[in-house]
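Q: Mind looking over this structure? Questions follow.
The values are calculated or read from the model by the stated rules, or taken from the named source; none is laboratory data. The model shown is predicted, which means the values in this text are computed figures rather than measured ones. We place every Cβ from the backbone using ideal geometry, glycine too, and count neighbours over all the protein chains shown.
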Amino acid sequence: MIVCFSGTGHSLRVARDLAQGLGEPPPVSVRAWERQRETAGERLVLVFPVYAFGPPRLLTTVIDRMEAIRAGQVYAVATAGGTPGSALTILDGHLRERGAVLRGGWIITRWDTWLNRYHIKINIMVRAIKEGRAGLLPGSSLLFDALSPLLYRGFCRRVGATGRRFRLAATCTRCGLCARLCPVDNITLGDDGRPRWGDACEACLACYAWCPARAIRFGWWGRLLPAEPPAGLTAQDLLALKEQTRPA
């Protein structure tokens, strides 16, 4: 079972490529995983972006709400634009509290795409997971790894209010795509059809990256913050992940 949290789409691309290589069904969202759970002894692969040197808040929250994780082998792949900190180690700590251990993990960065290493790393992951190999959990420097848990806890306390930092330009067409894409349904449409952000934001930037009119601003940065979707992925792919359910 492959579970994916994705905002801009980079983690979804990784999850889909892993599913194809492993012969697994399409990835499911974190919320779908919480509803359905994995079958005892099933292989579990968690794919997610790194936020503030840790996993998305939703992922660790869902893990903490579970009584137990029954998967036989658990792996994780994190996507990061920069340094990942100790995101994999933080995830492992939450899993251990629910009776699971992260058997191995990998980090995919933008550099892997720019330097044409992406597919090489995907193939390495697929072979290791198929063979059930254990591996180290990569991190960053000693300083970042030491500070990561502290910074991550602060992020989790404040991230819900991130929605207050979004601004809307006059070019908004009121298409509603941002509300449909939001993985936690934190965006609602007002009577005028314009989006409103609530207080349960995950800072995934899906709304910012996928706005067809480029009308959404994050803070006062305008469009300076890079959050481009990966090539070959569409908004419909993310909508399918959000709505994905596994057959019984």
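Q: Just the residues that are of a type in the set (A, V, I, L, M), part of a helix (DSSP H, G or I) and over 24 Å from T8 (Cα atoms), please, taken from segment 75-123.
A: Within segment 75-123, L95 is the sole residue that qualifies.
Q: Filter segment 48-74 down to the residues that are touching a Lys or Arg at 6+ places or on another chain (Cβ under 9 Å) and in a strand (DSSP E or B), then identify the one that is surrounded by the most Cβ atoms within 10 Å (Cβ to Cβ).
A: Top of the filtered list is G54.
Q: Looking at L46, L58, L102, can you tell me which residue is within 24 Å of P25 (Cα to Cα) and modelled with pLDDT under 95?
A: Residue meeting the stated conditions: L102.
Q: Oh, and also: Can you report the number of residues in segment 1-40 which are under 21 Å from A227 (Cα atoms) and of a type in the set (S, T, N, Q)?
A: The qualifying residues number 4.
Q: Something else now. Could you grab me the full set of residues in segment 124-156 that are of a type in the set (S, T, Y) and in a helix (DSSP H, G or I)?
A: If the condition is that a residue be of a type in the set (S, T, Y) and in a helix (DSSP H, G or I), then S148, Y152 are the ones that fit.
Q: Let me ask something additional. In segment 168-248, which strands (runs of 3 or more DSSP E) lie fully inside it and hold 1 or more residues that are modelled with pLDDT of 95 or more and of a type in the set (V, I, T)?
A: In segment 168-248, the matching strands (runs of 3 or more DSSP E) lie at 187-189.
Q: Do you know which of the residues in segment 112-135 that are of a type in the set (A, V, I, L, M, F, W, C) and more than 22 Å from the chain's Cα centre (by Cα) is nearest to G81 (Cα to Cα)?
A: L115
Q: Considering only segment 33-58, state which residues are out of contact with any strand residue (DSSP E or B) (no Cβ under 8 Å at 6 or more places or on another chain) and not polar (S, T, N, Q).
A: Within segment 33-58, E34, R35, R37, A40, G41, E42, Y51, A52, F53, G54, L58 meet the criteria.
Q: Also, quick follow-up: Could you list, in sequence order, the residues of segment 185-204 that are among the aromatic types (F, W, Y) and exposed (fewer than 14 other Cβ atoms within 10 Å of the Cβ)?
A: none
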